[in-house]
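Chemist: What follows is a single structure, and I will ask about it in a moment.
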Amino acid sequence: MGIFSRKKLWQIFLVCITISPFADICFGFCQYACIDMPVDINHIFRLFLLLLAFLLILNNKKYVIAFMAYSVWIITGVLVAHITGVSVSLVTDLGWNLKMLMVLGIVLVISNLYKEEWFDIKDVLHALCRGASIAAFSILPTLFGLGYRTYGAGEWGFKGFFYTNNTISIYLLMIYPLMYIVYKGKDLIATAGMCLVALVLIGTKTTMIGGLFITGVMVVVYLLAHTGLYAVLKDEKNRSKVIGACVAIGIGVFVAALIVLEMLYQKYMNTYWYDSMLEVIVSKRNYQLDLITGALNPQTSIVTLLFGFGYSRIEREFAILKVYHAVEMDAPGMYYNFGVIVTVIVMIALVVTIYRAVRLCFKEVNMFNVTLLVVLLLGFGHSMVAGHVVYEALSQMPFWLVVAYINCMYLKKFDKADRCKKKEISNE
């Protein structure tokens, strides 16, 4: 496939990144309106994205092999689970496993295109920010009754026609910091302002507290970048002092947040039946884990360890218990949905990426690197506590695009330096 063809496909992929909220809005509208669709539009959209991802790596045999190998693993796992009676719905479990194939597709696409002369990460960031602007704007009409409330009638919280408020929450939260490096002046005020308003309107403690906290962080980062302080940080001694101060401030903010949460816990423990601070932080998702662990762990076998129980089985177990629908926290969710191998690989990849992002910031302190680290930590933190990041169709796109690009930058900067050092040593 020629470069020109892949460039055109990449432009189509960028358009899809921008319009991806529409797929979820259409899905939410159909769900709320009780419209029974033969095939959900967001599933068709994701399959089209997978096709584009495959075409974009078609020139790289290693990536094609990796893509096909995981596809075979998915199909094998779902079939084996269904034949052995673990899976309840073959179609449902295959659909959920395709979400993890999309993760691999995103990473391989960025890794494959990164070396192309025409590839520019700014195009990706602009597409993400345009998509977030669409999502944020679509929430505003809910104030006038066009859409649905986050928690139902009578309580604060507006989410438009998005079905899962946690997904749209972290989607906007992750892209919100990127607006500070994409836009300037009036454009920044308009786009970031609308996104912040949307976050507050959604009304969860994550969006309200997180939105205001991120605003504070990014305003400081933005001012530092435009006052010349980053230039001072090129000196290693100054860099250590400033980064140390930032860590101290971060710890202080974290402690202050815990104090605020404790105050909220004491105030609302009787209203919302909170029994501990853990329940406040994870919004009682620990109960999901306790219930599904008690239901499924006694049924664990080699098949479930390798391939997971599948979403349909988890959903049925929760239906029997008459609570919840799925395990929301991503780490245990991956284990029960996809098995231990996928979970371990993904978790190791994320921990390694965080290490690389931090090292990149120490190597070169600038607004771009710091912002990518903020987005990565936001996504990872929400993934571990509240889920809806790693394999959720809408929010996985910004998260894994950032993960992939951080690793590409790291390998370019540090692998090249390591090779030069090894060459010098061999010459000596």
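Computed from the coordinates by the stated procedures, all read-outs in this text should not be read as laboratory data. Just so we're clear, the structure is a prediction, and the values are computed from it rather than from any experiment. For neighbour counting, all protein chains shown are included, and Cβ atoms are generated from backbone atoms with ideal geometry for every residue, glycine included.
Chemist: How big is the dipole moment of segment 21-115 about its Cα centre under a simple scheme where the beta carbon of each Lys and Arg is +1, that of each Asp and Glu is -1, and everything else is neutral? Debye, nearest 20, please.
Modeler: 520
Chemist: Please build a GNM for the chain, connecting alpha carbons under 10 Å apart, and tell me which residue among GLY381, GLY308, GLY131 fluctuates the most.
Modeler: It is GLY381.
Chemist: Let me ask something else. Where the only charges are on Cβ atoms (+1 Lys, Arg; -1 Asp, Glu), what is the dipole of segment 72-169 about its Cα centre, to the nearest 20 debye?
Modeler: Computed about the Cα centre, the dipole is about 220 debye.
Chemist: Ok, one more. With springs only between Cα atoms under 10 Å apart, run a GNM on the chain and tell me which of GLY216, GLY310, GLY185 wobbles the most.
Modeler: Result: GLY185 has the largest fluctuation of those listed.
Chemist: Suppose R0 equals 35 Å. What FRET efficiency, 1/(1 + (r/R0)^6) with r the Cβ-Cβ distance, do VAL340 and LYS363 give to the nearest 0.05?
Modeler: 0.55
Chemist: Which helices, counted as full DSSP H runs in the chain, have an axial Cα extent of no less than 18 Å and a Kyte-Doolittle average of 0.0 or above?
Modeler: The qualifying helices are 3-32, 41-56, 61-83, 90-113, 121-139, 185-202, 205-225, 236-272, 340-363, 367-385, 396-410.
Chemist: Considering only ALA135, ALA225, ALA393, give the residue with the highest GNM mean-square fluctuation for the chain, with springs between Cα atoms whenever their separation is below 10 Å.
Modeler: The residue that fluctuates most here is ALA225.
Chemist: Give the Cα extents of the chain along the principal axes, in whole Å, largest first.
Modeler: 66, 54, 40
Chemist: Over the chain, calculate the relative contact order: mean separation of alpha carbon pairs under 8 Å at least 6 apart, over the residue count, as a percent.
Modeler: 19
Chemist: Taking the beta-carbon count within 10 Å as an exposure proxy, list THR164, THR191 from fewest neighbours to most.
Modeler: Sorted ascending by nearby Cβ count, the order is THR164, THR191.
Chemist: Continuing with the same structure: Most exposed first by the Cβ proxy, i.e. fewest other Cβ within 10 Å, how do LEU56, LEU377 rank?
Modeler: LEU377, LEU56
Chemist: A follow-up question, please. Given LYS186/LYS241; LYS159/LYS184; LYS61/LYS184, which pairs have Cα atoms separated by over 30 Å?
Modeler: Values: LYS186/LYS241 34 Å; LYS159/LYS184 27 Å; LYS61/LYS184 41 Å.
Violating the 30 Å limit, Cα to Cα: LYS186/LYS241; LYS61/LYS184.
Chemist: Go through ALA198, GLY145, GLY160 and say which Cα lies farthest out towards the positive end of the charge dipole of segment 94-227; charges sit on Cβ, +1 for Lys and Arg, -1 for Asp and Glu.
Modeler: With unit charges placed on the Cβ atoms, the residue in question is GLY145.
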